[in-house]
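Let me begin by presenting the structure, written as structure tokens, before commenting on it.
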2 protein chains.
Amino acid sequence: MKPVNLKRLAEELNLSIATVSRALQDSYEVSAATKERVRALATALHYEPNAYASSLRRNQSKTIGVVIPKVTNHFFALAINGIEEAARQRGYHVLIYLTHDDYAREVAIIQHLKGGRVDGILMSVASGTEDTAHIRSLRDANIPLVFFDRVRSEIATAQVTTNDYESSYQATEHLLAAGCRHIAHLLISNNLSIGRNRLQGYRDALHAHGLPPDPDLILAGTMNNEQNVGRLQDLMQHRPDIDGIFASVERLAVSAYHVCRQLGRRIPEDVKVVGFSNLESVSLFDPPLTTITQPAHDIGREAARILLQAVEKKRAISPSQSVVLNSELVQRRSTATA
Amino acid sequence: MKPVNLKRLAEELNLSIATVSRALQDSYEVSAATKERVRALATALHYEPNAYASSLRRNQSKTIGVVIPKVTNHFFALAINGIEEAARQRGYHVLIYLTHDDYAREVAIIQHLKGGRVDGILMSVASGTEDTAHIRSLRDANIPLVFFDRVRSEIATAQVTTNDYESSYQATEHLLAAGCRHIAHLLISNNLSIGRNRLQGYRDALHAHGLPPDPDLILAGTMNNEQNVGRLQDLMQHRPDIDGIFASVERLAVSAYHVCRQLGRRIPEDVKVVGFSNLESVSLFDPPLTTITQPAHDIGREAARILLQAVEKKRAISPSQSVVLNSELVQRRSTATA
DNA sequence: CTGTTAGCGCTTTCAA
DNA sequence: TTGAAAGCGCTAACAG
């Protein structure tokens with residue numbers, strides 16, 4: 001079967017390639033009659049323009065790249081959902097790249113994307129990333145970038161985040177109000193913006209309520225979850241006075257539940273737990289987990305919106321376009337034998 | 001800043017474009033010395049080949065498309081993980097498209113992909129899909145396709161699935177062994193291969209144990225979860241004899257928990273529940289959910305492997321390359337005050 | 001070992 | 001309103 005491209009259409013219609021191209025783009029300089037003829041044949045032959053030829057010529061790919069640590073995390077899954085929605089609405093495609101929180105991978109991915117495969121990039125940085133030269137180099141390559149959730153403020157671009165500081169402050173106050181006096185904080189990583197903000201909210205809330213800071217109660221997680229569990233066990237055993245846990249990320253909240261059970265510490269009687277999470281089924285946990293839930297879908301949609309607007313208008317993105325959305329503290333009742 | 005492309009490199013090195021191109025591809029017909037000079041400048045100028053020019057010329061995009069119903073579902077998230085891994089290893093990129101279980105979207109996406117944007121497609125069909133003409137048309141467009149999980153066997157291509165029938169049979173027997181005699185089945189959709197296979201496993205297990213089929217115990221879900229919950233409430237109220245629930249998908253298992261609680265039916269004393277699920281934290285449910293867990297990551301990796309092999313060898317894919325992986329019945333102990 | 005040349009499919013001046 | 005022609009950046013004959 002002969003390929004169906006502009007040349008083919010032009011031949012069959014006795015028109016020039018240029019006219020066919022213009023007709024399909026609904027150009028004003030083509031007669032209605034010709035447009036009709038062209039369109040008819042195009043649909044009859046199931047013509048689909050070659051995206052690469054078009055991209056090469058126009059120097060734009062109608063594609064955005066999404067660079068995230070992982071997709072097996074409800075937050076990122078929801079964010080992708082929002083991104084895909086915004087992209088589709090404007091006719092853009094979405095390439096996914098997973099860093100698995102590995103710095104080297106992140107560098108390789110970014111370097112590769114500078115080949116013009118994408119018109120813009122949405123990114124949530126890896127926890128292993130310290131140096132950000134690779135990200136800065138995107139500016140030279142003229143590829144717009146918008147950060148979401150895990151940002152690096154030293155890079156001058158827009159970022160879409162949530163009120164991590166405030167919601168962490170609020171979550172800590174929630175535990176304090178429930179009577180907790182020795183609240184542990186499970187930190188995702190020292191490296192990440194979100195980790196630092198959440199930690200600060202926790203610290204300031206304690207301070208505001210006259211509680212002294214206790215560095216021993218702050219546990220920094222790693223990428224290795226078994227290791228986290230081990231350290232958490234140590235902490236809980238050495239500090240039987242712990243009566244509250246604030247987990248800065250879902251994975252650690254889940255680990256906290258497991259460890260408490262192993263050690264026979266009852267939730268919520270002995271230890272109260274609050275954690276960041278986007279998992280709906282936490283209300284089936286025993287007992288239900290109180291969460292700070294981020295508007296993940298909106299974050300993705302908003303980030304994509306900002307990026308695509310800049311791409312289409314060929315305007316640079318400035319930090320002033322950043323957006324902060326609000327997370328929600330969700331307290332779930334146990335429905336067990338309600 | 002002048003663009004850095006082959007022409008630019010050639011000029012600066014006083015070589016022809018062709019030689020530079022060959023040098024960068026490590027062609028045997030270029031002297032080691034020249035290769036060195038070329039590579040040095042290329043890295044110095046951060047040269048990155050234009051993916052679209054290359055794709056246009058070679059008529060291959062080094063990109064695969066993944067068409068799935070949704071990403072906010074741990075099964076698909078894990079599958080993407082596996083796909084991305086296999087793709088990256090071979091230097092391929094991954095485009096994501098979400099159908100949201102909508103037939104029209106699926107058709108539009110497939111049509112669009114015929115424009116040559118991808119070298120192959122991995123797909124899990126939408127529950128809203130009845131007619132599959134759009135999928136068949138991929139064959140004419142010469143785009144290889146591999147199904148995973150939600151397949152359509154009338155289309156002659158490879159598919160990667162799990163032993164849904166057997167694991168459903170086993171799950172049903174598990175409930176029977178636990179003493180259940182009136183087991184409800186929550187079906188994901190009449191339309192889907194996985195739904196039919198799981199239903200059949202359930203039916204045959206009941207039959208093998210001498211229990212008569214009871215169509216009233218089979219509840220077909222829809223995309224609207226509130227509606228599902230409503231129907232489930234009705235069912236449970238009209239049939240107080242129900243003492244077991246087998247949910248063919250995670251979402252329905254979670255709903256089953258909620259409904260049982262609303263109605264004051266204790267799990268597992270009054271009603272035992274088993275469900276397909278890839279969520280790790282089900283062990284924190286109250287009580288822990290017994291699950292059939294699919295090897296989602298492997299499914300994705302395997303599907304990508306089959307597809308990419310065909311793409312690279314330019315070989316057609318035949319149904320004989322299909323693979324069936326095994327799910328696992330996971331019974332979790334309650335760790336509460338263990 | 002290196003250069004010349006044609007062309008992938010499309011868009012877009014410029015000319016008619 | 002239509003056509004001819006150049007060229008996006010790259011690869012791959014073919015020639016030397």
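Numbers at a glance
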| read-out | value |
| --- | --- |
| Positive-end extreme of charge dipole, the protein assembly as shown - chosen from B:Leu9, B:Pro268, A:Gly65 (charges on Cβ) | B:Leu9 |
| Value of relative contact order over chain A, rounded to a whole percent, pairs C-alpha under 8 Å and six or more apart | 18 percent |
| Assigned charges on the beta-carbon of Lys, Arg, Asp, Glu; the protein assembly as shown dipole about Cα centre (debye) | 2340 debye |
| FRET efficiency, A:Ala44 to B:Met223 (Cβ-Cβ, R0 60 Å, nearest 0.05) | 0.95 |
| Net charge of Cβ neighbours under 12 Å - reference B:Tyr97; Lys, Arg +1; Asp, Glu -1 | 0 |
| Entries of A:Lys35/B:Lys313; B:Lys7/B:Lys62; A:Lys35/A:Lys114; A:Lys2/B:Lys7; A:Lys313/B:Lys314 with Cα pairs more than 29 Å apart | A:Lys35/B:Lys313; A:Lys35/A:Lys114; A:Lys2/B:Lys7; A:Lys313/B:Lys314 |
| Other protein chain Cβ atoms within 10 Å, averaged over every residue that makes up A:10-18 | 0 |
| Span per principal axis, largest first, for the Cα atoms of the range A:6-49 (Å) | 23, 17, 17 |
| Percent of beta bridges antiparallel (DSSP, the protein assembly as shown, rounded to nearest 5) | 10 percent |
| Debye, to nearest 20: dipole size of chain B, +1 on Lys, Arg Cβ, -1 on Asp, Glu Cβ | 1300 debye |
| Residue with peak Gaussian network fluctuation, chain A [Cα springs, cutoff 10 Å], from A:Thr172, A:Thr222, A:Thr293 | A:Thr222 |
| Burial ranking of peptide ranges B:101-108, B:310-317, A:66-73, A:179-186 (average Cβ count within 10 Å, highest at the top) | A:66-73, A:179-186, B:101-108, B:310-317 |
| FRET efficiency for B:Glu166 and A:Gln237, using Cβ-Cβ distance with R0 set to 41 Å, rounded to 0.05 | 0.40 |
| Neighbouring partner chain Cβ atoms per residue of B:277-286, average, 10 Å criterion | 6 |
| Average other protein chain Cβ within 10 Å of Cβ, residues B:40-53 | 4 |
| Mean-position separation - Cα centroids, the range B:156-235 and the range A:148-196, in angstrom | 43 Å |
| Per-peptide average of other Cβ atoms within 10 Å, ordering A:28-36, B:244-252, A:297-305 highest first | B:244-252, A:297-305, A:28-36 |
| Fully extended contour minus Cα-Cα distance, from B:Tyr28 to B:Ala177, at 0.36 nm per residue | 46.9 nm |
| Net lengthening on full extension, A:Leu211/A:Ala133 (0.36 nm per residue, minus Cα-Cα) | 24.1 nm |
| Within-14-Å neighbourhood charge of B:Gln309 [Cβ basis; K, R +1; D, E -1] | +3 |
| Dipole magnitude (debye, nearest 20) for the range A:6-49, charges at Cβ of Lys, Arg, Asp, Glu | 40 debye |
| Net charge of Cβ neighbours under 12 Å - reference B:Pro144; Lys, Arg +1; Asp, Glu -1 | +2 |
| Max mean-square fluctuation residue, GNM over chain A, Cα-Cα springs under 10 Å, options A:Gln233, A:Gln89, A:Gln200 | A:Gln89 |
| Choice from B:Ser277, B:Ser167, B:Ser27 showing the highest fluctuation, given a GNM over chain B with Cα pairs closer than 10 Å | B:Ser27 |
| Beta bridge orientation in chain A: antiparallel %, DSSP, nearest 5 | 10 percent |
| Top positive-direction residue, dipole computed over the protein assembly as shown with Cβ charges, set A:Val324, B:Ser27, B:Ala77 | B:Ser27 |
| Lysines whose Cα lies under 17 Å from that of A:Lys70, excluding same-chain neighbours fewer than 8 positions away | B:Lys70 |
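None of the figures in this text is laboratory data; all of them are computed from the coordinates on show. As the structure is a prediction and not an experimental result, all values here were calculated from the model. Here the Cβ is made from the backbone with ideal geometry for all residues, glycine too, and neighbour counts use every protein chain on show.
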